[in-house]
Amino acid sequence: MIEVLAKLGRGPVFLAGEVLECVITFTNPLSASSTSASSEMLAWASAQIHCQFHASENRVALPPSDGSKHDVQAENETVFVPNRGERGQCILSTPPKILFCDLRLDPGESKSYSYCETLPIDGPPSFRGQSVKYVYKLTIGCQRVNSPIKLLRVPFRVLVLHGLKDYQFPQDEAVAPSNPFLEEEEGLKKDSRLADLATELLMVATSRRSLHLYNISNTRGKVGTFCIFKTVYKIGEDVIGTFNFSEGDIPCLQFSVSLQTEESIQEEFQRRRGQPGSFSTHARHQEACLHTAQSSFSLPIPLSSTPGFTTNIVSLKWRLHFEFVTSGESAGTCLVRGSPSEAVTCTGVEQIEVDTFSWDLPIKVLPTNPILASYVSQFSSTNSITI
């Protein structure tokens, strides 16, 4: 029996273009006092990253694929197929890397190997939608002699920031940021600079503020105004907006604001022509606002959500969805009971005729620092199997 433990050094979330590093440890868990006959032997181990794509048959029409020919594992087969037994299609993979050949472990002995690979910068982001899924995994395959291959899958999340692909790093290391007290490999230097560049680009894109004012009106007249200071955000930020109903001609009884994503299939892959998109609500604010002059809302963008993106099959867009309930009548009536000298009692009407209307405001949502996103990731940094 051999225990295989895979640990991602920095966490389970990465930017496309970064270097993924995983330490894989093979251990013979038997006591060191056991006899030499208890030594364990592995023929080989290899590792590879792949992205698995799965689409809903009810919503997506894909061309036929022959990618399922390796679903059955022969008893003594030595071919390493990382996505064996997985649903969907493997749309992206890195070259496999051999960790070792012919490993012998005595009782209580352990051996660790480091796997490093640059994540493809032109791949899709991790996404689990209603119509399609993009799932990234690091798969470690190992095999005993004359035994089936055993696979350890380490799922992780990939964020894609557009603009990194076209950036050229300085060739002159003298002008590039560096720490003379640390000895770093060239790949790790570039990886660190990539993360710093992404953080800088995100800060510049999401820190720009300008006043956006929108008039809210229906067929009867003006209801109020809406104010928002920016329309570009990072996941993890709050979307904040304010309302001013004091200048409205039509009383607003109630409003709601929903933070939504729209998942749309590209026209050539739609199962039905004119197929509508799928909407998901991530946060919602609802408020009764009769006789309210001003109001506001704050909607958090979950760190676990997927920033907007577009592939040849699907696109994901973010928006604020507003719903307003208005009235063309007076929302309150004062009734005088008894003589004019007595006190006046104000009561609300029992029924009122209302109108409802909605409005959508597109916003742009970008990734964030992958270390920050790792804190709320559903994936674990450590995975293991026993073979």
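Among residues other than Gly108 with Cβ under 15 Å from its Cβ, the summed charge is -2 (Lys and Arg +1, Asp and Glu -1). For region 1-64, dividing the convex hull volume of the Cα atoms by the residue count gives 200 Å³ per residue.
For region 149-158, 3J(HN,Hα) computed residue by residue from phi via the Karplus equation (6.51, -1.76, 1.60; θ = phi - 60°) reads 6, 9, 10, 10, 9, 10, x, 8, 10, 10 Hz, glycine and proline entered as x. Ignoring ligands and nucleic acids, what accessible area does His321 show with a 1.4 Å probe (Å², nearest 10)? Its heavy atoms expose roughly 30 Å² to the probe. With a Förster radius of 30 Å applied to the C-beta separation of Ser384 and Val79, the computed FRET efficiency comes to 0.80.
For the set Arg319, Arg284, solvent exposure ranked by accessible area (probe 1.4 Å, protein chains only) runs largest to smallest as Arg284, Arg319. Our note on the geometry: Cα centres of region 132-158 and region 226-247, 44 Å apart. The peptide list 304-310, 366-372, put in order of mean Cβ contacts within 10 Å with the highest first, becomes 366-372, 304-310.
With the whole protein complex present, Ser280 retains an accessible surface near 40 Å², based on a 1.4 Å probe.
Going highest first, how would you order 40-53, 113-126, 350-363 by mean Cβ packing within 10 Å?
Listed from highest to lowest mean packing, they are 40-53, 113-126, 350-363.
Between Val154 and Leu138, Thr139, Ile140, the built amide H atoms are under 5 Å apart, and every one of these is 5 or more places off in sequence or on another chain. Ranked from largest to smallest solvent-accessible area, with a 1.4 Å probe on the protein heavy atoms, Ile387, Ile240 come out as Ile240, Ile387. Under 5 Å from the amide H of Phe309 lie the amide H atoms of Leu316, each residue being 5 or more positions distant or on a separate chain, with H modelled from the backbone and absent for Pro and chain starts.
The values are calculated or read from the model by the stated rules, or taken from the named source; none is laboratory data. Nothing here was measured: the structure is a model prediction, and the numbers come from that model. Neighbour counts are summed over all protein chains in view; Cβ atoms, including those assigned to glycine, are modelled from backbone coordinates with ideal geometry. Surface areas here come from the heavy atoms of the whole protein model, side chains and all, with no ligands, DNA or RNA. Shrake-Rupley method; radii C 1.70, N 1.55, O 1.52, S 1.80 Å.
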